[in-house]
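Q: One structure follows; several queries about it will come next.
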Amino acid sequence: MRPLPELTPENTAFWTGGAQSKLMIAFCGACDKAIHPPQVICPACQSRDVSPREVAGSGTVYSYTVNHQPWLPDMAVPFAIAVVDVDDAPGVRVTAPVTGCAPEAVMIGQRMHIAFEPSGEVWLPLWTPLEGAAA
Ligand SMILES: [Zn+2]
């Protein structure tokens, strides 16, 4: 089991959106900036009009790493962790483990789609390759 995040009013939408298979990203209502991790105040214009919005759930691999170290008991290794530029949320990158393909098959520029794994009261994000949509 991965370490779980502590839920706060501003991050609950992100960590529980998986219950509806939705990737929820915080946006500023004043300047439309996408804000991740979620914050109470927009870092661009200091507005407090920040609220979560559903995005497509797809994205492009910006970078990735392959983990070979079992940091936790029962952790299966190796596995890839991808940093993905999220579609519809300029500047937002979500880092999550990759499922659905071999770690060595992950590539920069690869198209991914979000998936979720329930754990306690949160839904942990995972990236999975979007078949047939390679960049
Ligand atoms: Zn703003």
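The values are calculated or read from the model by the stated rules, or taken from the named source; none is laboratory data. What you are looking at is a predicted structure, and each value in this text was computed from that prediction instead of being measured. Cβ coordinates were reconstructed from backbone atoms using ideal geometry, including for glycine residues, and neighbour counts include every protein chain displayed.
Q: Return yes when P52 is within 16 Å of the ligand (Cβ to nearest atom), surrounded by 15 or more Cβ atoms within 10 Å (Cβ to Cβ) and at pLDDT 95 or above and no when it is not. Before the answer, list the steps.
A: Values: within 16 Å of the ligand (Cβ to nearest atom): yes; surrounded by 15 or more Cβ atoms within 10 Å (Cβ to Cβ): yes; at pLDDT 95 or above: yes.
Answer is yes for this residue.
Q: Do you know which residues across segment 14-35 are among the small types (G, A, S) and farther than 19 Å from W127 by Cβ?
A: Listed by number, the residues that qualify are A26, G29, A30.
Q: Go through segment 92-135 residue by residue and tally those that are over 13 Å from G18 (Cα atoms), in a strand (DSSP E or B) and of a type in the set (G, A, S).
A: Qualifying residue count for the region: 1.
Q: Further, regarding this structure: Which of the residues that make up segment 95-125 are under 22 Å from A34 (Cα atoms) and in contact with a helix residue (DSSP H, G or I) (Cβ under 9 Å, 6 or more places away or on another chain)?
A: Correct list: I114, A115, F116, V122, W123, L124, P125.
Q: Another question, if that's okay. Taking the options A26, A13, A89, A44, name whichever one is surrounded by 16 or more Cβ atoms within 10 Å (Cβ to Cβ), among the aliphatic types (A, V, I, L, M) and in a loop (DSSP other than H, G, I, E, B). Steps first, please.
A: Values: A26 fails: in a loop (DSSP other than H, G, I, E, B); A13 fails: in a loop (DSSP other than H, G, I, E, B); A44 fails: surrounded by 16 or more Cβ atoms within 10 Å (Cβ to Cβ).
After ruling out the rest, the residue left standing is A89.
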